[in-house]
Amino acid sequence: MPAALRLSVGGLDREGLRSGLSTQGVLLNAFAELLLDHAVFDVREPEDIRVVQCTVGELGLGGGATLPEVFASAQGQGLALCPPDTGPYLRLAMPSQANAPDSILSAGRSPAGAIKVASAPLSDDVAFPKGFYLRVVDGQQWLRGYRCDDEYRFSPDDRFAFRRQFGS
């Protein structure tokens, strides 16, 4: 398993998060804005977590997988979903993420170079964003929300960030 990034999640309200993201020059799409408006971004006590990245293929899903299949495989390997408010904190902690191999921002598929933050969806509504992903396009940091249904198949190369339990 790759090295874990230690991350403090929580402690800021949504305006504090937006301010921090803006100060760091992070751009948001409309789905990220919608997610940030959710009550899960009310102030809560900070908690320290460890975040690891892996591809769908590294989870043993060489033929790709749906979001529920990705989450189930990761959990079967001792990984957990991140708290739902992890995305903005992870974006702030990763200013040096590699530039994406293309500049396409929205193509109806998982974007190249994106790191999707694995967290439980905040709504069962397919029209509501499932979560955040981090991406750098032409040197510009992004925190973007994404939508998909439970039938969408992520490719083996799609990268997710999961929570790793301390001591594991």
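In the stretch 95-118, which residues are in contact with a strand residue (DSSP E or B) (Cβ under 6 Å, 6 or more places away or on another chain) and either in contact (Cβ under 8 Å) with a residue 60 or more places away in the chain or among the hydrophobic types (A, V, I, L, M, F, W, C) (or both)?
Ala100, Ala114, Ile115, Val117, Ala118
Looking at the stretch 126-143, can you tell me whether even one residue there is of a type in the set (D, E, K, R), modelled with pLDDT of 90 or more and at negative phi?
yes
Restricted to the stretch 30-44, and to residues that are in contact with a Gly (Cβ under 6 Å, 6 or more places away or on another chain) and open to solvent by 10 Å² or more (accessible area, probe 1.4 Å), which residue is modelled with the lowest pLDDT?
Once the filter is applied, the top-ranked residue is Arg44.
Could you say which residue among Gly25, Gly57 is closer than 18 Å to Ser110 by Cβ and either in contact with an Asp or Glu (Cβ under 9 Å, 6 or more places away or on another chain) or not basic (Lys, Arg) (or both)?
Gly57
If the requirement is being surrounded by fewer than 18 Cβ atoms within 10 Å (Cβ to Cβ) and not aromatic (Phe, Trp, Tyr), which of these qualifies: Asp85, Asp150?
Step by step, each of Asp85, Asp150 is checked, and only Asp150 is surrounded by fewer than 18 Cβ atoms within 10 Å (Cβ to Cβ) and not aromatic (Phe, Trp, Tyr).
Looking at (1) open to solvent by 40 Å² or more (accessible area, probe 1.4 Å); (2) farther than 21 Å from Asp158 by Cβ, which is the only condition Gly20 fails?
Result: Gly20 fails condition (1) only.
Does Ala127 meet the test of being touching a Lys or Arg at 6+ places or on another chain (Cβ under 8 Å), without any contact (Cβ under 8 Å) to a residue 40 or more places away in the chain and open to solvent by 40 Å² or more (accessible area, probe 1.4 Å)?
yes
Could you please find all residues in the stretch 52-74 being closer than 14 Å to Leu90 by Cα and either among the polar types (S, T, N, Q) or open to solvent by 10 Å² or more (accessible area, probe 1.4 Å) (or both)?
Within the stretch 52-74, the subset closer than 14 Å to Leu90 by Cα is 52-53.
Passing the criteria: only Gln53.
Against the condition within 16 Å of the chain's Cα centre (by Cα), farther than 17 Å from Pro121 by Cα, open to solvent by 30 Å² or more (accessible area, probe 1.4 Å) and touching a residue at least 12 places away in the same chain (Cβ under 8 Å), how does Arg6 come out, does it pass? Working first, answer last.
Values: within 16 Å of the chain's Cα centre (by Cα): yes; farther than 17 Å from Pro121 by Cα: yes; open to solvent by 30 Å² or more (accessible area, probe 1.4 Å): yes; touching a residue at least 12 places away in the same chain (Cβ under 8 Å): yes.
Against the criterion (within 16 Å of the chain's Cα centre (by Cα), farther than 17 Å from Pro121 by Cα, open to solvent by 30 Å² or more (accessible area, probe 1.4 Å) and touching a residue at least 12 places away in the same chain (Cβ under 8 Å)), Arg6 qualifies.
The values are calculated or read from the model by the stated rules, or taken from the named source; none is laboratory data. Please read all numbers here as calculations on a predicted model, not as lab measurements. For neighbour counting, all protein chains shown are included, and Cβ atoms are generated from backbone atoms with ideal geometry for every residue, glycine included. Areas reflect the complete protein model, heavy atoms only, side chains present, ligands, DNA and RNA absent. Shrake-Rupley method; radii C 1.70, N 1.55, O 1.52, S 1.80 Å.
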